[in-house]
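The values are calculated or read from the model by the stated rules, or taken from the named source; none is laboratory data. All figures in this text were calculated on a predicted structure; none of them were measured in a lab. All Cβ positions, glycine included, derive from the backbone under ideal geometry; neighbour counts span all protein chains shown. In case anyone asks, the SASA skips ligands and DNA or RNA and just uses the protein heavy atoms, side chains included. Shrake-Rupley method; radii C 1.70, N 1.55, O 1.52, S 1.80 Å.
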Amino acid sequence: MKFPGRRRHKHYFPVEDKDPLLDQISSEDGLKRSYICGIDQIVVDIEAKVDQAFLDEFGLQRGMSQVIESEVTNALYDRLKRENMIDYEFAGGTIGNTMHNYSVLADDRSVLLGVMSENIKIGSYAYKFLCNTSSRVDLDYLQPVDGPIGRCFTLIDDTGERTFAISPGLMNHLKPESIPEQLIANASALVISAYLMRTSGDETMTEATLQAVKYANEANVPVVLSLGTKFLIEQDPKWWAEFVEKHVDILAMNEEEGEAITGFSDPLLAADKALDWVDLVICTAGPKGLVMAGYVDDEFKRETEYPLLPGAIAEFNQYEFSRSMRKGACVNPIKVYAHTAPYMGGPDSIKNTNGAGDCALAAVLHDLSANEYHKMNVPNSAKHEHTAITYSSLAQISKYANRASYEVLVQHSPRLSRGLPEREDSLEQAYWEQ
């Protein structure tokens, strides 16, 4: 993707080199920088292969995400270590993964808010989290706590079904006063997940998240919500729909989460329904690829050059070459959709599905941030004659998101270790030029 900004590779479009008007900017002033801000439960992911008897032993419901007590956590971890069942231990968290992958893809700053153990020992979970997070992710705003961060056990059975057991530690103790208002107000987007609303007792994460959302709404900063898991949404879909409509601008989900909140199993219809609440929707659908839906003013719509696709909405991709806009910024808003099949048909062997959706979202955020960067530094560009929220068309963003998520599917870690190649090694270079 040819985005503006500081980039290592020549094929990216560096604003300061390509636009002679920017020569007038003094070296003292420099270029303004955009960044993404995210809030997360700081956790380490621990992955292991288990059987049904193991799940029964620790009282875990297969295929669900559940919180476990400290005693169960210690017994579970000791059993996994004793029998050498642990395959991988990674820095995790839905938004933590997203911020890391964004910074790797964009080679630029993101800011992560949450808690971190004040006293960190070598080899501890907090140490492993820091070691496996990109140096481009700004962790200076983490709130120190006197205790452990969270642990998330990903337990995979013979069928590939994943069961999540979460030991929260102090990960939900982020305080509202630890949310810097100006940091949120100056961000290109605020990224949160549905997991942040699952708190109890004296945990303050939900209050802190709502405080950040309030700051973002007041400053007109896009709020991006990742739904995280269908089981959480199914508990009260009406509440979630109302929350999304009132506070969220961009919604990220998979087909199961989409069905939980909209009632539609078809990803396209689920995305279409979600447009009643938000301005932009990203819906990953596994082997079916990825669906995006948004708005554009009728004056600025652009017809696709690709074949029109059949679906629950006839010829839905007709205007997929349009750049997404906020519905409120459109005089005559029309809905636009795009669909992209998995890159190269998907990998021959899927090593891990955990984090693929987070990586797809990171790619979309990269495009969003690139648009803000360009707008700040070249405000008179023809690119900004209308107030689009994306730098590229829905069709191109969909390709980029699919390409990025492919990298996660072919590795064990949910986090990228490097950006996308400057040129594809395969013959699929034409993927970008269609």
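Couple of notes before you dig in:
- Taking only protein heavy atoms and a 1.4 Å probe, the accessible area of the chain is 47% carbon and sulfur.
- The residues of segment 278-328 present an accessible area of 45 Å² per residue when probed at 1.4 Å with all protein chains retained.
- Near residue 316, the amide H atoms lying under 5 Å from its own belong to 309; only residues 5 or more places off or on other chains count, and H is placed 1.01 Å from N.
- One equal scatterer on each Cα of the chain, no solvent, Debye formula: the resulting log10 I(q)/I(0) at q = 0.12 Å⁻¹ is -1.00.
- Candidates 219, 274, 382: whichever shows maximal mean-square fluctuation once the chain is modelled as a Gaussian network with Cα springs under 10 Å: 382
- Å² per residue, accessible surface of segment 25-137 at 1.4 Å: 45 Å²
- Considering only the chain, percent of DSSP beta bridges that pair antiparallel, nearest 5: 45 percent
- Of 214/301; 32/128; 32/383; 327/375, those spanning more than 23 Å from alpha-carbon to alpha-carbon: 214/301; 32/128
- If you run the Gaussian network model on the chain, springs between alpha carbon atoms under 10 Å, then out of 83, 255, 315 the most flexible one is 83.
- When the Gaussian network model of the chain links Cα atoms closer than 10 Å, the mean-square fluctuations of 109, 62, 82 top out at 82.
- Debye intensity ratio in log₁₀ form over the Cα atoms of segment 243-288, taken at each q of 0.29 Å⁻¹: -1.05
- Segment 110-219: trypsin sites (Lys or Arg not before Pro) in DSSP loop, at most 15 other beta carbons within 10 Å: 121
- From most to least packed by mean Cβ count within 10 Å, the peptides 403-409, 385-391, 322-328 give 403-409, 322-328, 385-391.
- Nonlocal amide H pairs with residue 325, under 5 Å, H built at 1.01 Å: 295, 296, 389
- Counting only DSSP H runs of at least 4 residues, each contributing -39500 (n - 2.57), and dividing by the residue count of the chain, the helix-based mean residue ellipticity at 222 nm comes to -9000 deg cm²/dmol.
- Stokes-Einstein D (µm²/s) once Rh is taken as the Kirkwood radius of segment 28-85 over alpha-carbon pairs, at 10 °C in 1.306 mPa s: 107 µm²/s
- All lysines inside 17 Å of residue 238 as judged from Cα atoms, apart from same-chain residues fewer than 8 positions distant: 230, 246, 273
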